[in-house]
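S.K.: After the C-alpha cells below, expect a handful of questions from me.
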Amino acid sequence: MQPTYFYGMNPVLTKSLINDIRASSRLMVRELGFMNATLAATDWSPSAVHSLLEIASGNARNAAQLVRILGLEKSSVSRMLSKLLAAGEICEVASVQDARVKQLQLTPKGVETVNAIHHYGAMRVADALQHLDPDQQREVARGLSAYARALEKCRSGEPAASAPSLQIVTGYRPGMIGRIAEMHGRYYAAHYHFGHFFEAKVAAGLAEF
C-alpha cells in the first residue's frame, strides 16, 4: 500500500487527484527525454539546454539570473557555463552600463543550436497534440501553464491562494437554464462528441423543469 502524504493540504485535494498528477508528471519527464544525459536532440544536458533558451530569450543575461531562474546551485551553473563557453555556444560581452560586468550572449553557433532546439520541441508538441481534439488541446495548454506557474510560486515562497468560498442558493436565477445547458453541451461534446441535438434536448428538459 502506498503511503499518503498530505501535510495539512487543502482537503479538496484528494489522494486520487494528487496521485494522478504525480503519475502524469513522471510520464512526461520520461517521454520528454529528461531521463537521458542529453536533451532535445542535442549533445547538451537538460540544464545546458534550458540555459541556452533563457539566454536566447533575454531572461538571463548573467550567471546570477540563471541560478535564480533554473533553481540550481551557483557552482553547477558556473561549471555548465564554462562548458558552453568552451564549446563556442555562448560568449561574454561587456555591459553597456558597466564594462566591468560581463553579460552572456549566444554566438552564431549558439543561435543555430537554439533554433534546432525550438524546431525539435515544436515538432514533439505538434506530434502529441495531433492525438487530441481542439478542445483537449486548449485544455492541455491552459492546464500545463497554470500548473507550471503554481510550481514556480511554490519555489518562490508565494503563499497559496485561499480556497474559494461556496454558497448554495435555491430557486431560479436568471441565466441558469442557458448556463447548465452550456456546461452539459461543452462537456459531452469534448468527451463523447455529442452535438446540437443533445444540447437542445438538455435545454428543452431544463426549460420544462
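The values are calculated or read from the model by the stated rules, or taken from the named source; none is laboratory data. Bear in mind the structure is a predicted one, so any value in this text is a computation, not a measurement. Don't worry about glycine lacking a Cβ; one is built from the backbone with ideal geometry, like all the others, and counts go over all protein chains shown.
S.K.: Out of the residues in the range 128-171 meeting the condition of being polar (S, T, N, Q) and within 18 Å of the chain's Cα centre (by Cα), tell me which one is nearest to Arg68 (Cα to Cα).
M.R.: The extreme case among them is Ser156.
S.K.: When residues of the range 40-84 are filtered for being hydrophobic (A, V, I, L, M, F, W, C) and under 17 Å from the mean Cα position of the chain (by Cα), how many remain?
M.R.: Filtering the range 40-84 for residues hydrophobic (A, V, I, L, M, F, W, C) gives 40-41, 44, 48-49, 52-53, 55-56, 60, 63-64, 66-67, 69-70, 72, 77, 80-81, 84.
This time we only want the ones that are under 17 Å from the mean Cα position of the chain (by Cα), so: 40, 49, 53, 69-70.
Counting residues in the range 40-84 that are hydrophobic (A, V, I, L, M, F, W, C) and under 17 Å from the mean Cα position of the chain (by Cα) gives 5.
S.K.: Also, I was wondering about something else. Testing Ser95 on (1) more than 23 Å from Thr38 (Cα to Cα); (2) crowded, with 17+ Cβ neighbours inside 10 Å, one condition comes back false. Which one is that?
M.R.: Going through the list (1) more than 23 Å from Thr38 (Cα to Cα); (2) crowded, with 17+ Cβ neighbours inside 10 Å, Ser95 breaks only (2).
Residues checked against (1) closer than 21 Å to Arg30 by Cα; (2) part of a helix (DSSP H, G or I):
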position: His118; (1), (2): yes, yes
position: Arg124; (1), (2): yes, yes
position: Ala141; (1), (2): yes, yes
position: Ala148; (1), (2): yes, yes
position: Lys153; (1), (2): no, yes
position: Glu158; (1), (2): no, no
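S.K.: Also, I was wondering about something else. So the check is Cβ under 9 Å with 6+ separation or different chains; which pairs have a first residue in the range 128-149 that's over 21 Å from His193 (Cα atoms) and a second one that's in a helix (DSSP H, G or I) and polar (S, T, N, Q)?
M.R.: Short answer, once both residue conditions are applied: Tyr147/Ser25.
S.K.: If I filter the range 143-154 for residues that are in the same structural domain as Leu85 (by TED's automatic domain parsing), under 30 Å from Thr38 (Cα atoms), surrounded by 10 or more Cβ atoms within 10 Å (Cβ to Cβ) and of a type in the set (A, V, I, L, M, F, W, C), do I get at least one hit?
M.R.: Residues of the range 143-154 that are in the same structural domain as Leu85 (by TED's automatic domain parsing), as a first pass: none.
No, the range 143-154 contains no residue that is in the same structural domain as Leu85 (by TED's automatic domain parsing), under 30 Å from Thr38 (Cα atoms), surrounded by 10 or more Cβ atoms within 10 Å (Cβ to Cβ) and of a type in the set (A, V, I, L, M, F, W, C).
S.K.: Show the residue pairs meeting these rules: Cβ distance below 9 Å; 6+ apart or different chains; first residue within the range 26-41 and touching a residue at least 24 places away in the same chain (Cβ under 8 Å); second residue β-branched (Val, Ile, Thr).
M.R.: Taking only residues 6 or more apart or on different chains, the pairs are Ala40/Val49; Ala40/Ile117; Ala41/Ile117.
S.K.: Working only within the range 28-41, note down all residues that are on the phi < 0 side of the Ramachandran plot and surrounded by fewer than 17 Cβ atoms within 10 Å (Cβ to Cβ).
M.R.: Listed by number, the residues that qualify are Met28, Val29, Arg30, Glu31, Leu32, Phe34, Met35, Asn36, Ala37, Thr38.
S.K.: Restricting the search to the range 94-116, which residues are outside any helix (DSSP H, G or I) and modelled with pLDDT of 90 or more? Spell out how you get there, then give the answer.
M.R.: In the first step, residues of the range 94-116 are kept if they are outside any helix (DSSP H, G or I); the result is 94-107.
Of everything in the range 94-116, those that are outside any helix (DSSP H, G or I) and modelled with pLDDT of 90 or more turn out to be Gln103, Leu104, Gln105, Leu106, Thr107.
S.K.: Something else now. For the range 12-25, enumerate the residues that are exposed (fewer than 11 other Cβ atoms within 10 Å of the Cβ) and in a helix (DSSP H, G or I).
M.R.: Ser16, Leu17, Arg22, Ala23
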